[in-house]
Amino acid sequence: MARAWRYRVTLGISAVTLIGTAVGELPPWVYKERQIKAPESLVIKVRSVVRTETAEADGKSIAFKVIAEVEKVERTSTRLMPGAVIEIRYLQHNYSQPMAGPSEVPALKEGQVCPAYLESAVEGRSYSPAAGGFSFTQLD
């Protein structure tokens, strides 16, 4: 009887642990890998940010339209050059109840200078984050 009880407790703890890792934060190496594979690796200076909030049943969605100037190019698949002005679009979800999951892409601020790991969304006209919540952060 005690053995069956221990087995059930161990099985329950294992299930909870697996469920937690299945929907939890991604490990840092996943974000680093996405940064390495990003077609665009740049340093940008944010010129302007337009935020559009939309209410949803489980919280709100914020659409960002960022205009930024390319200050430095590490690599580019769309032939960007320093001085180019680009548009970056992405969504952020703010849930009314805390949710486990991958990091949200942070809100950029006007005047901010940061690395940018991007992919082309519309043939070099518009870009989107390529490394999730670490698209604008340097991971060493």
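Screening GLU104 on (1) in contact with a strand residue (DSSP E or B) (Cβ under 9 Å, 6 or more places away or on another chain); (2) of a type outside the set (A, V, I, L, M, F, W, C); (3) modelled with pLDDT under 95; (4) over 23 Å from TRP29 (Cα atoms) shows it passes everything except condition (4). Residues considered: LEU139, LEU108, LEU118. Of these, the only one that is assigned to a loop (DSSP other than H, G, I, E, B) and surrounded by 18 or more Cβ atoms within 10 Å (Cβ to Cβ) is LEU108. In the set GLU40, GLU53, GLU69, only one residue is loosely packed, with under 12 Cβ neighbours inside 10 Å, under 26 Å from THR137 (Cβ atoms), at pLDDT 85 or above and touching a Lys or Arg at 6+ places or on another chain (Cβ under 9 Å); that residue is GLU53.
Here MET99 qualifies as over 15 Å from LYS45 (Cα atoms), hydrophobic (A, V, I, L, M, F, W, C) and either out of contact with any helix residue (DSSP H, G or I) (no Cβ under 6 Å at 6 or more places or on another chain) or assigned to a strand (DSSP E or B) (or both). Taking the conditions (1) in contact with a helix residue (DSSP H, G or I) (Cβ under 8 Å, 6 or more places away or on another chain); (2) at pLDDT 85 or above in turn, LEU26 satisfies each one other than (2).
The values are calculated or read from the model by the stated rules, or taken from the named source; none is laboratory data. The structure presented is a predicted model; accordingly, all values stated were derived computationally and were not measured. Positions of Cβ are generated from backbone atoms using ideal geometry, with glycine treated the same way; all protein chains shown enter the neighbour counts.
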